[in-house]
Structures are given as structure tokens and as C-alpha cells.
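The values are calculated or read from the model by the stated rules, or taken from the named source; none is laboratory data. Nothing here was measured: the structure is a model prediction, and the numbers come from that model. All Cβ positions, glycine included, derive from the backbone under ideal geometry; neighbour counts span all protein chains shown.
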Amino acid sequence: MRHKISLLLILWALAALLLPASQGAAHPHVYVDASLTFVVDESGLVAMRQQWLFDDMFSQAIMADLELDAASLATPAGQAAIRDGAFAYLANYDYFTLIESGGRRIRPAAIEDFHASLSDGRLVYRFTMPLGLGFDQIRNFRVAIFDKDYYTDILLVADAISFEVGGMAQVSHDIRPARDHTYWQFIVPEAVHLSISGAPGSAPDLPAATVAQDAPGPIERLMALVRSVQKELNLRLNGFAADIKTDPFGPALWTFLGLAFLYGVVHAVGPGHGKTVVCSYFLSNPGSFFSGALMGNAITFVHMASAAVAVGVAYMVFSTGMGGFQAASRALQPASYALLALMGLFLTGKALLDVSRGGLIAETSCSIDHEALGNAVNIRRVLMVSFVTGLVPCPGAAVILAFSIGLNIFWAGVAAIVLMAAGMGLTTTLFAWAAVAARGLTLRMSGTNAKVFNIAYAGLSICGAASIALFGAALFMSSI
């Protein structure tokens with residue numbers, strides 16, 4: 001009984017480990033500080049103005065990609081270039097804006113007054129969303145700005161929420177977590193809740209929020225820490241990269257490369273499909289610490305290399321980096337995810353075939369996992385899964401390369417993404433090792449009982465492989 005309980009606890013812990021990474025395939029690569037201004041008059045909520053302040057690295061990358069500078073950006077042609085090349089497509093994502101009133105989703109209408117500018121080298125978008133909501137239409141109203149795909153990490157600046165109020169209208173607001181729109185399981189966006197009245201006096205009070213609703217859990221706090229550290233490292237990388245231009249082999253270069261490695265380590269702690277695949281694979285297949293390190297690093301280096309190839313081809317063929325990269329990424333994503341699903345189906349079929357042949361009883365020693373070290377077939381399979389998993393280009397690497405090209409330090413950008421890949425590989429390897437050790441421990445604990453061993457072995461093999469197939473299928477469906 002003790003063995004069965006321990007076995008269940010191990011499997012439950014591994015399932016919990018996999019869940020945070022099981023809903024998508026991205027990390028944040030662009031950072032935005034969002035400010036909101038609500039326009040209210042005697043008719044109701046007229047409009048909402050937004051201001052987005054981008055991080056330095058993305059700002060320089062997109063400006064270089066569109067061949068713009070501060071002077072040309074201010075011209076009508078520059079405004080059209082940035083609007084058409086780096087803003088208009090956001091209409092497909094509702095401009096990352098969630099608007100709800102009375103429990104009903106309100107889709108943003110046509111955007112007005114778009115204007116782009118630079119503030120201390122950082123790109124700024126300003127635009128207006130017409131709303132035209134009467135007072136009687138505003139009930140339990142809230143607005144949240146977030147990218148559920150998590151390519152862009154958007155921070156709602158609490159001190160930059162403002163109001164333009166005309167007539168006798170009264171407004172009150174509060175900022176609360178929108179837990180019902182949690183993405184990547186532990187990333188909770190913040191929403192602005194509004195209460196508006198057209199009658200003289202004070203606005204109606206907002207419904208009280210409970211402490212339990214607002215208190216973040218330990219994983220949420222960890223993800224918030226990871227997000228803040230990544231953002232700070234992104235800022236530091238930009239500063240040292242600028243110094244490399246004047247002193248190519250000075251202290252700034254080595255600090256820049258060291259921060260790139262650290263960024264990769266932290267970056268891979270957050271949500272991503274690589275950890276899901278390595279954990280699922282080594283739960284369902286014999287493995288060793290060597291094969292775990294091989295897969296963990298192979299995935300990240302293929303992930304980075306595909307971005308470098310995509311950006312390079314985009315510059316050579318289309319004379320544009322980020323735009324061409326986005327087109328290549330959109331084409332590669334469905335193919336990569338479909339191959340991942342097919343690989344999962346192959347591994348599931350193999351596991352089911354092993355079970356149907358009754359070959360598990362003979363393998364009652366946990367040494368089966370260590371024998372895989374010299375198995376060329378298993379190594380080839382590890383490399384194949386790694387290639388398929390990492391095939392989708394890394395947007396972070398694309399941003400760094402485009403940024404480096406814009407500063408004429410392309411070689412430093414290439415070195416940075418190599419070290420970033422090494423940092424991500426280290427983190428992914430630790431997850432792979434955890435899965436290898438957990439599988440070995442589970443089989444070792446059940447090895448004295450052939451029936452329990454067979455159940456554990458079959459469960460790990462089939463469920464792990466099936467999770468790769470289902471995960472790949474889910475990603476494929478979301479990418480088309």
C-alpha cells in the first residue's frame with residue numbers, strides 16, 4: 001500500500017509539473033507598459049485612449065527593420081509605415097484589449113487617431129478606441145490589456161489610469177486581477193473595473209472584492225518574479241549592446257553575453273512547450289541523464305538556429321527582418337506542431353504495442369532506463385523529437401538579431417543567441433533530468449511487485465506519449 005501511495009504522489013507531482021507548460025508555445029519577447037485614459041461625458045463612456053510604451057530592444061529592432069529614425073517616423077510616410085507594418089495586424093487580436101460590460105464581450109471598433117513616436121529611444125503607440133456606451137449599458141464594466149499567446153508581456157501601469165470627464169458624470173475605478181482570463185495557467189492579467197453614473201453625486205460603489213480573489217498563489221508569485229527579472233534583463237541587455245558599438249571587445253561585450261546566458265536560464269523557467277515535451281518524453285521512454293541533457297540542449301539550439309535562418313533569409317530575400325520572420329514563423333508553426341503530434345502518435349503506438357506483446361514483465365529492473373544510454377535508436381529518436389519540437393523559430397532570438405543588425409553589431413547578436421540557447425538548454429535539461437529521475441524512482445519503487453511495475457510502466461509509457469500527441473494536436477489547431 002505504501003508503494004502504491006508513493007507511486008500516485010509521484011505521478012501527481014509530475015502532472016502538476018507539466019500543467020503550467022501545457023497550454024501553448026511561447027515566452028514573452030516584447031515588453032509593453034500600457035496606460036489608459038477613459039473619456040466620459042453626459043452621454044456615457046465615449047472612448048478609451050491607450051498608450052503603449054515598448055521596450056528599448058524591440059523599439060530599435062522594429063525601427064531598423066522598417067528603416068525609420070526619429071525624423072522619418074514623424075512624417076506621414078513614417079506613420080503609415082509603422083501603422084501598416086507593425087500595428088494594423090493587431091486588429092486580428094482585438095489589439096490585445098478585453099472589454100466587458102454586464103458579462104458581455106465588446107469587440108473594439110475601428111481605431112482612431114493612431115500616432116507613433118519615440119520617447120528616450122522607446123517606441124510609443126497612442127490610439128483611441130471609440131466605445132459609445134450609454135450609462136445604462138455600463139454594468140460590471142472592466143478592461144484588461146494582455147496577450148494570451150504570451151509573446152508580448154503587457155504591464156498595466158496603475159498610476160497611469162486617468163479620466164476625461166465632462167458634464168455631471170461621476171466615475172470610480174479599481175484595479176483587480178481577472179482570474180477568469182488567466183493564461184498559461186498562472187499568468188493573471190489585471191483589469192480596470194469602472195463604475196460610471198450620469199447623475200450628480202458620487203458614482204455607485206464597485207462590488208467588493210474578497211481577499212481570496214485578490215491574493216496570488218505561490219506559483220503566480222513565482223511567474224510574476226520571472227516576468228520582472230526578464231524585463232529587467234532585457235533593459236540591461238539593451239544598455240550594454242549600445243556600449244559595444246563604441247568598444248567592441250570591452251567589458252560591455254562580456255557583460256552582454258553573460259546577461260544573455262542568464263536571460264536564457266530565466267526565460268526557460270516560464271511557460272513553454274519544450275519542457276512539456278521533454279518531461280512527457282522521458283516519462284514515457286527509457287532515458288538517462290545524458291539523453292536528457294542532449295534533448296534539453298538540442299531543442300533550444302534548434303529553436304534559436306531556426307530563428308537565425310528565418311531572419312537571415314528574410315533579410316536576403318525580402319530586405320526585412322521582423323516582417324519576414326513573422327511570415328516564416330506562421331508557415332513553420334503548423335508544420336512543426338503537426339510533426340510533433342505525429343511523433344506523439346508514433347510513440348503512443350509503440351507503447352501500446354509493447355504492452356500488447358506482454359514484454360513488460362521481463363523488464364522488472366530499473367536498469368532499463370540506464371541501458372538506453374548506448375542505444376543508438378533511442379538517441380536518434382531523441383534528436384528527432386528535439387528537431388521537431390524546436391523547429392518553430394524563437395521570436396526572442398529574432399528580436400535580438402534584428403536589434404543587433406540595427407546597431408551594426410550582428411556578430412555580438414549571434415554570440416548572444418548562442419549563449420541564450422545554452423541558458424535555456426540548462427533549464428530545460430533540469431526538467432528532463434527530473435522526469436528521468438522520477439520515472440526511474442517510480443519503476444524502482446514498484447519493481448518488487450511485477451503487477452504494480454507493469455501498471456506503472458504501461459501508465460508512464462502510454463500517458464507520456466499520448467500527452468505529446470495531444471499537445472501537438474492542440475498547438476496545431478490553435479496555429480491554423
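Filtering region 58-83 to residues that are assigned to a loop (DSSP other than H, G, I, E, B) and either buried (at least 17 other Cβ atoms within 10 Å of the Cβ) or touching a strand residue (DSSP E or B) at 6+ places or on another chain (Cβ under 7 Å) (or both) leaves L66, L68.
Count of region 157-190 residues, restricted to those that are under 20 Å from the mean Cα position of the chain (by Cα) and not polar (S, T, N, Q), is 12.
Looking across region 79-138, the residues that are aromatic (F, W, Y) and more than 26 Å from S195 (Cβ to Cβ) come down to F87, Y89, Y93, F114, Y125.
Restricted to region 404-438, and to residues there that are aromatic (F, W, Y) and at pLDDT 90 or above, the residue that is surrounded by the most Cβ atoms within 10 Å (Cβ to Cβ) is F431. Checked against the criterion of being modelled with pLDDT of 60 or more, over 30 Å from G85 (Cα atoms), in contact with a helix residue (DSSP H, G or I) (Cβ under 8 Å, 6 or more places away or on another chain) and part of a loop (DSSP other than H, G, I, E, B), region 287-303 contains one or more residues that satisfy it.
Return yes or no: is A13 buried (at least 16 other Cβ atoms within 10 Å of the Cβ) and at pLDDT below 90? Spelling it out, it is not the case that A13 is buried (at least 16 other Cβ atoms within 10 Å of the Cβ) and at pLDDT below 90. Checking each residue in region 124-142 for being in contact with a Leu (Cβ under 7 Å, 6 or more places away or on another chain), modelled with pLDDT of 90 or more and β-branched (V, I, T) picks out only V124. Restricting attention to region 392-442, the residues being of a type outside the set (A, V, I, L, M), within 13 Å of A241 (Cα to Cα) and outside any helix (DSSP H, G or I) number 1. Return yes when V165 is in contact with a strand residue (DSSP E or B) (Cβ under 6 Å, 6 or more places away or on another chain), of a type outside the set (K, R) and farther than 20 Å from H29 by Cβ and no when it is not. Here the answer is yes, as V165 does meet what is asked. When region 89-107 is filtered for residues that are without any contact (Cβ under 8 Å) to a residue 40 or more places away in the chain, surrounded by fewer than 17 Cβ atoms within 10 Å (Cβ to Cβ) and under 22 Å from T37 (Cβ atoms), the ones remaining, listed by number, are A91, D94, R105, R107.
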